[in-house]
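Let me begin by presenting the structure, written as structure tokens, before commenting on it.
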Amino acid sequence: MTVIYPARRIITMNPSNPDARHVAVRDGRIIGAGSLEDLAGWGDHTIDDRFADKVLMPGLVEGHSHAHEGSCWRAVYCGYFDRMDPNGTVWPGLDSFDAIFDRLREQDAAMEPGDDPISGWSLDPIYYGDARMSRADLDGVSTVRPIGIRHASGHIMNVNTKALELAGLLREGINHPGVPLGDDGLPTGELKGPDAMELAASHVGLDRKVMSADAWGLRQFGRLCVRQGVTTATDLANPLPPEAVDMMLEVTGASDFPVCMVSLRRFQGVTPKELVERCVELRAMSTERLRLGRVKIHADGSIQGFTARLRWPGYYNGAPNGLWYATPEQMQEIYEGALEHDLLVHTHTNGDEAIEMMLDTFERAVHKVPRPDHRYTLQHCQLADTAQFRRMKKLGLCVNLFANHHFYWGDQHYEKTVGPERANRMNACATALREGVPLAIHSDAPVTPLGPFFTAWCAVNRLTPSGRTLGEAEKISVAEALHTITLGAAYTLKMDDEVGSIETGKRADFAVLEDDPYEIGAANLKDVRVWGTVQAGRVFAVEDI
Amino acid sequence: MADAPAPIPVTVIGGYLGAGKTTLVNSLLRQADGLRLAVLVNEFGELPIDADLIESRDENVINIAGGCVCCSYGSDLIEALKTLETLDPAPDHLLIEASGVALPDAIAQSTTLIARYTVDGIVVLVDAESVRGHGSDKYLADTIAHQLEVADIILLNKTDLLASDLLGQTREWLHANCAGARIVETEKANVRLPTLLGARLEAPLSDVGHNHVHAQHESFVLSVEGPVDPHTLTKRLSDASFDLIRTKGFVTGMDGCSYAVQTVGRRASVVATSQSARDTGRIVCIRSGGPIDRSALEAMASELTD
């Protein structure tokens, strides 16, 4: 049965038919967009005018997120900025440590009496001056329950005394850079890096396994996607053990799961050869709403954590260069194996040295195993310079830039990590487009909140929290930004034949909007109100999700 | 309350891809001879353990003849350490094979987050043929430099593949680029287990067989007559001038108590012990690649016990 939806405006992203007022859907796919008469020619149909006063866009595509954003909402939100949870409740940002402690106390009071842990997430100490949170501070919330708050970076955790005790860390003589000690010779309660965090994590309800997307979390993630107009979302670095795949198949297979998930297998705990073999197997398990068999590699760490690999002259504050998370040999072997088996590879690179290493190893690999239209993508790729973008273009690479970074850490990049010149060219969207590199932009949720219109606003305005514009020359237009969060991201996933635009034959995926992004304009792009989504013809309203 | 369980010494084995880390691990497992070694590897990959040593295996654990075990830890070192700690009987010694670009000192420090583990030493393998190339590679130079700097012992491996003049240059290059580590030359990562891990060092090394396949070592038992400051002693024993790979023994301190002393390359450790006084005063010393300067050691010992 064909359903024709009239709308106030349909922004199709199809250049040969850019604007329409009607879209016809049959069997979850788009029959066409155009005038009512054009579409009526397809035969029997009903007209559904629930979107008559809405604006439709192609369902948005988040090209770099992690499904465990959903699981994070098990914990208490402790961030500095307002953030919407899967229920649509906006949790106000907390502007002082005291406000954080108050929110944790409310959680304590709301829980059954006892020693169940209190977990928090998204703390970002850079917004609270020089103060460091201590275990004594958190003991003020409870000395009975273990308490742990994970930082927004994901790489640091603050815990109370009870949690340290349970973790076996409340002792003298610890000598570890990730466990700072107080004047009493005991840990202060700040735990840095995966090893130090892992010891306490299971005692404070922030166990990595629990937090790496369980069934509940994945369902929550689906709800968040509806609220943000997203119909295709990546889960960009999952180890994908068999039990996780089974869980994801079950959850995404439910008839009311609203998103097509694209989960990339992370290079971790296996050899390059095994990784490729596993991804070939995974690819065959793909379903309509769970796409498997793509590869993710991490080349380096993060810029704000000083673990990204930078070329000369390195970090602005003189910090030593960062860490490699894969060797050139491993990367080349993965690229060669993946090219041979037609597997898509996305590579995490933050610093310009990591980008260069990716380009060098990929160039050697693709020379040995040529594959036209491979669409290998550099993820984050924050510090790429123009010459590197030119090389990407020549090598057929795509880029997915971390536009949200400017809003959260832009001032820190300017003042501390990379200095003014490179901070201005970070996430150089305009350069990528000028050099002809296929471009997407992303949130890396849960590192920053899922929300492609917000991400687009970041790329269009490049504002920092202090109001500084970082890189006037790298701003892109609203039209270009809308392309990156639809077709642009779909292209990097090799899904632009299925999604990303509203045109004949594609999946009936729409973002249903109250506001027209062009009318609302560059300055307010983040405020576009989302009514809901249509995914493969199924309608999901925010208010019912 | 029960006695605290014995600490588990940890040796971190670092080095870039192809340096021979897996070969070394297998060689040590073959020499285990009743010593329960636990091995943590980043991933199982292609045969981390020689097939004839394997008794059984599942996804993350390989059981090895003689009570040894090998586990893969992926990204979760701490969880693997917590699991190993609960084994009954507990491992006598833990080997952690670091990935090629890992920083072995960071891994060693992480093991100390769990009270049960104590760092025995950091062994870094280098491929005699490729180490200088890697050491000047635009991407790898600082990582290789870091690995060499933090090594207590460097195994200069695959020396048979290099002409002697090139080997000499490589040796000099390593000396210039490490921070006082002892350099042991090997061909197929063959080194005696007591030398590297300190276990069973009480027996003079000549009692240990298959000399022909191992790097040439000399051992000497140094007598320390009378009380001595154990910290000064180990500092001197670990000094590069004696070039000792490993020393281990018991001494009586100035306070009359007994101390277990050991050095692993440049690393020194002193632990108070309940060893009775009559067993103290003997320190087994091992050197590779040349004779031990016994008279200098004896002179040092007598100076310290004056």
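None of the figures in this text is laboratory data; all of them are computed from the coordinates on show. Keep in mind it's a predicted model, so treat the numbers as computed, not measured. Here Cβ is always computed from backbone atoms with ideal geometry, including for glycine, and neighbour counts include all displayed protein chains.
Results, tabulated for the structure shown:
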read-out	value
Candidate lysines - alpha carbon under 17 Å from A:Lys368, same-chain residues fewer than 8 apart omitted	A:Lys273, A:Lys394
Within straight-line cross-link reach of A:Lys192, lysines at Cα separation under 30 Å, skipping those fewer than 8 residues along the same chain	A:Lys162, A:Lys209, A:Lys296, A:Lys416, B:Lys21, B:Lys82, B:Lys138
Mean Cα-pair separation over length for chain B, i.e. relative contact order, pairs under 8 Å, 6 or more apart, %	16
Cα lying deepest toward the dipole's positive end in the protein assembly as shown, options B:Ile183, A:His442, A:Phe389, charges on Cβ	A:Phe389
Rounded to whole Hz, the Karplus (6.51, -1.76, 1.60) HN-Hα couplings of region B:176-188, x for glycine and proline	6, 10, 10, 10, x, 5, 7, 10, 10, 8, 9, 9, 10
Simple label model, 7 Å out from Cα along Cβ direction - B:Ala6 to A:Thr46, nm	7.8
Charge sum, other residues only, whose C-beta stays under 12 Å from A:Tyr335's C-beta, Lys/Arg counted +1 and Asp/Glu -1	-3
Relative contact order computed over region A:1-155 (Cα-Cα under 8 Å; 6+ residues apart), in percent	18
Calculated FRET efficiency for the pair A:Ser96/A:Lys393, C-beta based, R₀ 41 Å, to 0.05	0.30
In Hz, Karplus ³J(HN,Hα) per residue of region B:79-95 (6.51, -1.76, 1.60; θ = phi - 60°; x = Gly, Pro)	4, 4, 5, 5, 5, 4, 4, 8, 5, 10, x, 6, x, 7, 7, 10, 10
Which of A:Thr327, A:Thr89, A:Thr492 has the fewest Cβ neighbours within 10 Å, and the rest in rising order	A:Thr89, A:Thr327, A:Thr492
Peptide-level mean, for A:89-98, of C-beta atoms on other protein chains within 10 Å	0
Extended-chain gain in nm, criterion 0.36 nm per residue less alpha-carbon gap, A:Asp544 and A:Trp312	78.2 nm
Efficiency of FRET from Cβ geometry, A:Glu243 and B:Ala115, R₀ 35 Å, rounded to 0.05	0.65
Net charge, A:Val251 excluded, C-beta distance under 13 Å - Lys, Arg +1, Asp, Glu -1	-3
Tensor-based shape of chain B (alpha-carbon gyration tensor, a/c under 1.5 rounded, otherwise prolate or oblate)	oblate
FRET efficiency for B:Asp58 and B:Ser136, using Cβ-Cβ distance with R0 set to 41 Å, rounded to 0.05	0.45
Within chain B: Cβ-based charge dipole about Cα centre, in debye rounded to nearest 20 (Lys, Arg +1; Asp, Glu -1)	340
Mean separation of Cα contacts under 8 Å (6+ apart) over length of chain A, as relative contact order %	17
GluC sites (Glu not before Pro) restricted to DSSP loop in region A:224-311 with at most 13 other C-beta within 10 Å	A:Glu288
Distance (nanometres) between label positions extended 7 Å along Cα→Cβ at A:Val280 and B:Glu225	7.2
Karplus-derived 3J(HN,Hα), 6.51/-1.76/1.60, for each residue of region A:24-34, Hz, glycine and proline x	10, 10, 9, 6, x, 10, 8, 7, x, 10, x
Tensor-based shape of region A:212-535 (alpha-carbon gyration tensor, a/c under 1.5 rounded, otherwise prolate or oblate)	oblate
Fewest-first sequence of A:Asp102, A:Asp214, A:Asp195, A:Asp49 by Cβ atoms within 10 Å of each Cβ	A:Asp49, A:Asp102, A:Asp214, A:Asp195
Cut-off under 5 Å, modelled amide H: who pairs with A:Arg529 long-range	A:Glu514, A:Asp515
Amide H partners (placed H, <5 Å) of A:Ile47, local residues excluded	A:Ile4
Rg/Rh for region B:217-305, where both radii come from Cα atoms and Rh is the Kirkwood radius	0.94
Alpha carbon centroid spacing (whole Å) that separates region A:500-517 from region B:124-150	53
Separation between Cα centres of region B:258-306 and region A:383-419, rounded to whole Å	56
Per-residue Cβ neighbour rank within 10 angstrom, fewest leading, A:Leu36, A:Leu104	A:Leu36, A:Leu104
Qualifying trypsin sites (Lys or Arg not before Pro) for region A:477-529 [loop in DSSP, other Cβ within 10 Å: at most 15]	A:Arg529
Neighbourhood charge, 14 Å Cβ-Cβ cut-off, centred on A:Ile303 and excluding it, Lys, Arg +1 and Asp, Glu -1	-1
Interchain or long-range residues, amide H under 5 Å from A:Lys296's placed H	A:Arg265, A:Arg266, A:Phe267, A:His346
Helix-only [θ]222 nm of chain A, DSSP H runs n ≥ 4, -39500 (n - 2.57) each, per residue, nearest 500	-8500 deg cm²/dmol
